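Colleague: Shown below is the structure under consideration.
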Amino acid sequence: MITYAILLHPGHNRVYFSASKTLSLHELTIALRSFQGSFGPAELRELAGVPYITFTSQTPLSPQQLTDLGRLSPVYALFRLKENADGPILSPLALPESRYMDSSVSSILKYTGKTNELFTRMMLSVAYHSLPTPPREPVRVLDPIAGKGTTLAECLIRGWDAYGVEIGDKAAGEAFTYMKKYLETEKYKHEAQNQRISGPNRSFTARRYQITLAHNKDEFKHSPRQWEMVAGDSQYCDHYFRHGFFHLIVGDLPYGVQHGNVTGQSQGSLTRNPCQLVEKCCPAWHKVLMKNGILALSWNSFVLSWEDLAAVLERHGFQVFREEPYHSFEHRVDQAIRRDLIVAEKAE
């Protein structure tokens, strides 16, 4: 039996306050369930006054499992833990370098209302490890309420194809400008374009911002990555993208504090309750997600309960994960925001 110990990321206390350790346990528990092998439960433990998360494995972790473990939001360093008469001994283990792009692409992106990149990383990990079968990479991810693209940046760090929809052309255009500038500065091979698109009989209008990128010319020719942002209404996702195109849909709904939810292209359509936004957009989200794909949404549970949001998703063909730890992600962000996470599968 091998015991592993994870040193927690120091930034987690800033994101989750007192709930950080519990949420880290939940994220790791879901990841371990997706690994092949026999694992003991994830547990919190203090070693020399420092908190760690430990778990046991019957066999050494495989290179792919180490890669997946290193992508989890709480993992700062990994050790093999051994006990002897003088106390525990921690032997550091190298995690494979799995970043396609440096994490600075996400961390230096600053804007009002931005979801913290560590929380975004957790949502992506939970969604990915909830898939019934790990897909061949690159994974295709949609953030249907993308803001200025934190989720998209975190996807590129993993080497995944990143797509977003944002109602405001200003936010989408600024995200496009930022990403182009970053790629130019870091000397990535890339091509960028944008075009106006519209629905039948001009039922909607939108602007599509697209970037194809790679580390070099050869990779650009054979296996580039995609970054795309549509400035438009999320209820028309099924017109912007092919049906069954995405492995994951991951988004952080507006909290109804600094920003309302937009349920139409008019800024007069603001509401504090995310239920209306999800109700209106769910049919399109369901269409663009592939069978057995995963939807993960976070929101402010002060304005909408977990059960009410689950009911909306289930009415539109999603199967909500109700078992633990999926029902235990709620945590306080500040006085006005109690954030929660819901995960569901498109099962037909």
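Colleague: Pull up segment 1-50, narrow it to residues that are at pLDDT below 90 and among the aliphatic types (A, V, I, L, M), then point me to the one that is surrounded by the fewest Cβ atoms within 10 Å (Cβ to Cβ).
Modeller: A48
Colleague: Which residue is most open to solvent (accessible area, probe 1.4 Å), if the candidates are limited to segment 334-348 and must be within 22 Å of L118 (Cβ to Cβ) and in contact (Cβ under 8 Å) with a residue 12 or more places away in the chain? Break it down into steps so the answer makes sense when it comes.
Modeller: Filtering segment 334-348 for residues within 22 Å of L118 (Cβ to Cβ) gives 334-343.
Retained after the next criterion (residues that are in contact (Cβ under 8 Å) with a residue 12 or more places away in the chain): 336-343.
Numbers: A336: 47, I337: 16, R338: 75, R339: 11, D340: 7, L341: 2, I342: 1, V343: 3 Å².
Step by step, filter segment 334-348, then rank; the result is R338.
Colleague: Also, quick follow-up: So which residues in segment 99-115 are within 20 Å of P10 (Cα to Cα) and of a type in the set (S, T, N, Q), if there are any at all?
Modeller: Passing the criteria: S103, S104, S106, S107, T115.
Colleague: Further question: Could you grab me the full set of residues in segment 148-163 that are without any contact (Cβ under 8 Å) to a residue 40 or more places away in the chain and assigned to a loop (DSSP other than H, G, I, E, B)?
Modeller: Here is the first cut: in segment 148-163, the residues without any contact (Cβ under 8 Å) to a residue 40 or more places away in the chain are 148, 155.
Within segment 148-163, K148 is the sole residue that qualifies.
Colleague: Looking at Y100, Y76, which one is open to solvent by 60 Å² or more (accessible area, probe 1.4 Å) and of a type in the set (S, T, Y)? First the steps, then the outcome.
Modeller: Details: Y100 fails: open to solvent by 60 Å² or more (accessible area, probe 1.4 Å).
Testing whether each residue is open to solvent by 60 Å² or more (accessible area, probe 1.4 Å) and of a type in the set (S, T, Y) leaves just Y76.
Colleague: Could you please find all residues in segment 156-174 being closer than 19 Å to Y100 by Cα and over 17 Å from the mean Cα position of the chain (by Cα)?
Modeller: Of everything in segment 156-174, nothing turns out to be closer than 19 Å to Y100 by Cα and over 17 Å from the mean Cα position of the chain (by Cα).
Colleague: Separate question: So, in segment 54-71, how many residues would count as being buried (at least 16 other Cβ atoms within 10 Å of the Cβ) and either small (G, A, S) or outside any strand (DSSP E or B) (or both)? It would help to see each step written out before you state the result.
Modeller: The initial filter retains those residues of segment 54-71 that are buried (at least 16 other Cβ atoms within 10 Å of the Cβ), namely 54-55, 57, 61, 65-66, 68-71.
From what is left, the residues that are either small (G, A, S) or outside any strand (DSSP E or B) (or both) are 57, 61, 65-66, 68-71.
The qualifying residues number 8.
Colleague: Scan segment 116-124 and give yes if some residue there is assigned to a loop (DSSP other than H, G, I, E, B), out of contact with any His (no Cβ under 6 Å at 6 or more places or on another chain), open to solvent by 10 Å² or more (accessible area, probe 1.4 Å) and at pLDDT 95 or above, otherwise no. Give the steps one after another, and end with the answer.
Modeller: Of segment 116-124, the ones assigned to a loop (DSSP other than H, G, I, E, B) are 116.
From the residues that got through so far, the ones that are out of contact with any His (no Cβ under 6 Å at 6 or more places or on another chain) too are 116.
Then keep just the ones that are open to solvent by 10 Å² or more (accessible area, probe 1.4 Å); that gives 116.
Those still in the list that are at pLDDT 95 or above too: none.
No, there is no match, as no residue in segment 116-124 is assigned to a loop (DSSP other than H, G, I, E, B), out of contact with any His (no Cβ under 6 Å at 6 or more places or on another chain), open to solvent by 10 Å² or more (accessible area, probe 1.4 Å) and at pLDDT 95 or above.
Colleague: Could you list, in sequence order, all residues of segment 79-92 that are surrounded by 15 or more Cβ atoms within 10 Å (Cβ to Cβ), of a type in the set (A, V, I, L, M, F, W, C) and out of contact with any Phe, Trp or Tyr (no Cβ under 6 Å at 6 or more places or on another chain)?
Modeller: Of everything in segment 79-92, those that are surrounded by 15 or more Cβ atoms within 10 Å (Cβ to Cβ), of a type in the set (A, V, I, L, M, F, W, C) and out of contact with any Phe, Trp or Tyr (no Cβ under 6 Å at 6 or more places or on another chain) turn out to be F79, L81.
Colleague: Of all residues in segment 320-333 being aromatic (F, W, Y) and open to solvent by 10 Å² or more (accessible area, probe 1.4 Å), which is farthest from S24 (Cα to Cα)? Before the answer, list the steps.
Modeller: Going through segment 320-333, the residues aromatic (F, W, Y) turn out to be 321, 326, 329.
With open to solvent by 10 Å² or more (accessible area, probe 1.4 Å) added as a condition, the list becomes 321, 326.
Values: F321: 18, Y326: 12 Å.
Checked segment 320-333; the qualifying residue farthest from S24 (Cα to Cα) is F321.
Colleague: Restricting to segment 75-93, name every residue that is of a type in the set (G, A, S) and either within 10 Å of A5 (Cα to Cα) or touching a residue at least 12 places away in the same chain (Cβ under 8 Å) (or both). So that I can check it myself, show each step before the final result.
Modeller: Here is the first cut: in segment 75-93, the ones of a type in the set (G, A, S) are 77, 85, 87, 91.
Hits for segment 75-93 are A77, S91.
Colleague: So, in segment 209-242, of the ones that are of a type in the set (K, R) and surrounded by fewer than 18 Cβ atoms within 10 Å (Cβ to Cβ), which residue ends up farthest from M179 (Cα to Cα)?
Modeller: For segment 209-242, the residue satisfying everything is R242.
Colleague: Turning to a different aspect of this structure: Counting only residues that are charged (D, E, K, R) and more than 26 Å from the chain's Cα centre (by Cα), which one in segment 188-208 is surrounded by the fewest Cβ atoms within 10 Å (Cβ to Cβ)?
Modeller: Taking segment 188-208 as the starting set, the residues that turn out to be charged (D, E, K, R) are 189, 191, 196, 202, 207-208.
Narrowing the set further to residues that are more than 26 Å from the chain's Cα centre (by Cα) leaves 196, 202.
On the way: R196: 9, R202: 7.
Residue satisfying both the conditions and the ranking: R202.
Colleague: Answer yes or no as to whether P132 is under 18 Å from G293 (Cα atoms) and open to solvent by 60 Å² or more (accessible area, probe 1.4 Å). Break it down into steps so the answer makes sense when it comes.
Modeller: Numbers: under 18 Å from G293 (Cα atoms): yes; open to solvent by 60 Å² or more (accessible area, probe 1.4 Å): yes.
Spelling it out, P132 is indeed under 18 Å from G293 (Cα atoms) and open to solvent by 60 Å² or more (accessible area, probe 1.4 Å).
Colleague: Also: Of the residues I337, I342, only one is on the phi < 0 side of the Ramachandran plot and modelled with pLDDT under 95; which? So that I can check it myself, show each step before the final result.
Modeller: Working: I342 fails: modelled with pLDDT under 95.
I337 is the lone residue from the list that is on the phi < 0 side of the Ramachandran plot and modelled with pLDDT under 95.
Colleague: Please go through (1) under 19 Å from the mean Cα position of the chain (by Cα); (2) part of a helix (DSSP H, G or I) for Q276 and return the number of the only condition it doesn't satisfy.
Modeller: Failing condition for Q276: (1).
Colleague: In segment 276-290, which residues are charged (D, E, K, R) and either closer than 14 Å to V165 by Cβ or buried (at least 21 other Cβ atoms within 10 Å of the Cβ) (or both)? Spell out the reasoning first.
Modeller: First, pick out the residues of segment 276-290 that are charged (D, E, K, R): 279-280, 287.
Answer for segment 276-290, where residues must be charged (D, E, K, R) and either closer than 14 Å to V165 by Cβ or buried (at least 21 other Cβ atoms within 10 Å of the Cβ) (or both): K280, K287.
The values are calculated or read from the model by the stated rules, or taken from the named source; none is laboratory data. It should be emphasised that the depicted structure is a prediction, and the values quoted were computed from it without experimental measurement. With ideal geometry, Cβ positions are generated from the backbone for all residues, glycine too; neighbour counts draw on all protein chains shown. The area values use the complete protein model at the heavy-atom level, side chains included, leaving out ligands, DNA and RNA. Shrake-Rupley method; radii C 1.70, N 1.55, O 1.52, S 1.80 Å.
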